[in-house]
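Q: I have a structure here, written as structure tokens, and I will follow up with some questions on it.
The values are calculated or read from the model by the stated rules, or taken from the named source; none is laboratory data. The structure displayed is predicted, hence computed values, not measured ones. Please note: Cβ atoms are built from the backbone with ideal geometry, for glycine as well, and neighbour counts cover all protein chains shown.
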Amino acid sequence: MATVAGDSTNTKVMVGEGLPPVPEVGTPDNPSRRVLTLANAITFTRLVLTFVFLYVFVLDINHTAAVAIYIIASVTDWLDGNIARATKTVSWVGKILDPIVDRALLFTGVLALVLHGELPLWMAMVLVGRDVSLIIGTEYLKTFTSHPLNVMYMGKLATALLMVGFSLLLIGTPPLEPLGILNVPYLPLLNDTPSGIGIVFVYPGLVLSVVQAVRYWRKGFRVRDAILEGREVESW
């Protein structure tokens with residue numbers, strides 16, 4: 001007879017003879033339904049800091065304070081996920097809320113940099129377009145399952161690179177000498193336009209973001225096909 005585990009235990013559960021055990025509750029493959037966790041508190045704090053940064057920066061209340069707030073919010077993106085995995089408190093709330101808050105933080109950074117002329121508009125459009133495509137893909141997948149796809153490490157790396165790049169551009173580091181290797185407008189540093197060192201992180205972050213979006217779509221289609229064919233989903 002199968003044994004069912006609740007959220008209060010981390011015991012591995014056998015769901016049937018010959019079947020693999022259910023992963024421990026609170027791990028990425030078996031999130032809990034807890035809401036009040038340290039990781040979720042950090043995620044919510046990042047959301048609050050995101051809007052505080054936007055308010056302080058756009059109204060030009062204090063540039064230094066605004067940049068400091070953005071950097072602190074960016075660091076919390078690394079903290080919550082690692083704490084959740086280390087303490088086995090990965091939750092459905094966190095899995096859903098974390099990427100939404102990450103997008104909000106990125107968008108506020110993009111908006112601030114575009115308004116101040118530090119970031120080409122096309123980069124902002126690529127990032128917004130990528131996220132719109134992911135939202136569409138997520139809603140499409142919801143017609144087959146309520147289980148969200150796991151966060152990809154490539155996506156976390158892309159987010160980290162973008163946040164570092166945005167933070168450095170917001171700080172206003174001295175511009176680097178342009179490389180002049182491409183005669184293409186709107187590619188600062190690569191053409192004959194100088195730019196802050198932050199752009200060095202933004203370029204690879206942008207590329208990885210697009211690649212990660214393509215991988216999400218491919219993974220989503222694999223999950224959809226497995227569900228339609230009645231097969232077990234090997235990886236979320």
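Q: Of the residues A160, A213, only one is part of a helix (DSSP H, G or I) and closer than 16 Å to S74 by Cβ; which?
A: Of the residues listed, the single one that is part of a helix (DSSP H, G or I) and closer than 16 Å to S74 by Cβ is A160.
Q: Does any residue of segment 47-56 turn out to be buried (at least 19 other Cβ atoms within 10 Å of the Cβ), assigned to a loop (DSSP other than H, G, I, E, B) and either out of contact with any Asp or Glu (no Cβ under 8 Å at 6 or more places or on another chain) or at pLDDT 95 or above (or both)?
A: Checking segment 47-56: not a single residue is buried (at least 19 other Cβ atoms within 10 Å of the Cβ), assigned to a loop (DSSP other than H, G, I, E, B) and either out of contact with any Asp or Glu (no Cβ under 8 Å at 6 or more places or on another chain) or at pLDDT 95 or above (or both).
Q: Out of V128, V184, which single residue is in the same structural domain as V211 (by TED's automatic domain parsing), farther than 30 Å from N30 by Cα, assigned to a helix (DSSP H, G or I) and without any contact (Cβ under 8 Å) to a residue 40 or more places away in the chain? Give the steps one after another, and end with the answer.
A: Numbers: V184 fails: assigned to a helix (DSSP H, G or I).
None of the other options fit; the residue is V128.
Q: Output the number of the condition that S91 fails; it satisfies all remaining conditions of (1) among the hydroxyl-bearing types (S, T, Y); (2) out of contact with any helix residue (DSSP H, G or I) (no Cβ under 7 Å at 6 or more places or on another chain); (3) buried (at least 18 other Cβ atoms within 10 Å of the Cβ).
A: Exception for S91: condition (2).
Q: Any idea which of G165, G155, G205, G198 is of a type outside the set (S, T, N, Q), within 20 Å of V75 (Cα to Cα) and at pLDDT below 90?
A: Numbers: G165 fails: at pLDDT below 90; G205 fails: at pLDDT below 90; G198 fails: at pLDDT below 90.
That would be G155, the only listed residue that is of a type outside the set (S, T, N, Q), within 20 Å of V75 (Cα to Cα) and at pLDDT below 90.
Q: Related question: If a residue must be buried (at least 21 other Cβ atoms within 10 Å of the Cβ), polar (S, T, N, Q) and closer than 19 Å to G117 by Cβ, how many such residues does segment 186-216 contain?
A: Total satisfying the criteria: 1.
Q: On to the next question. Just checking, which of L190, L206 is of a type outside the set (F, W, Y), assigned by TED's automatic domain parsing to the domain that holds F107 and over 14 Å from M163 (Cα atoms)? Even if it seems obvious, please write down each step before you answer.
A: Working: L206 fails: over 14 Å from M163 (Cα atoms).
Unique residue meeting the criteria: L190.
Q: Name the residue, out of T143, T173, that is closer than 26 Å to T27 by Cα, in a loop (DSSP other than H, G, I, E, B) and β-branched (V, I, T).
A: Numbers: T173 fails: closer than 26 Å to T27 by Cα.
Answer to the check: T143.
Q: Still on this model: Considering only residues that are surrounded by 15 or more Cβ atoms within 10 Å (Cβ to Cβ) and of a type in the set (K, R), which ones fall in segment 127-175?
A: R130, K156
Q: A further question on this structure: What number of residues in segment 57-92 are under 30 Å from S146 (Cα atoms) and in a loop (DSSP other than H, G, I, E, B)?
A: From segment 57-92, those under 30 Å from S146 (Cα atoms) are 73-92; that's our starting set.
Going one step further and asking which of them are in a loop (DSSP other than H, G, I, E, B), we end up with 87-90.
Residues meeting the conditions: 4.
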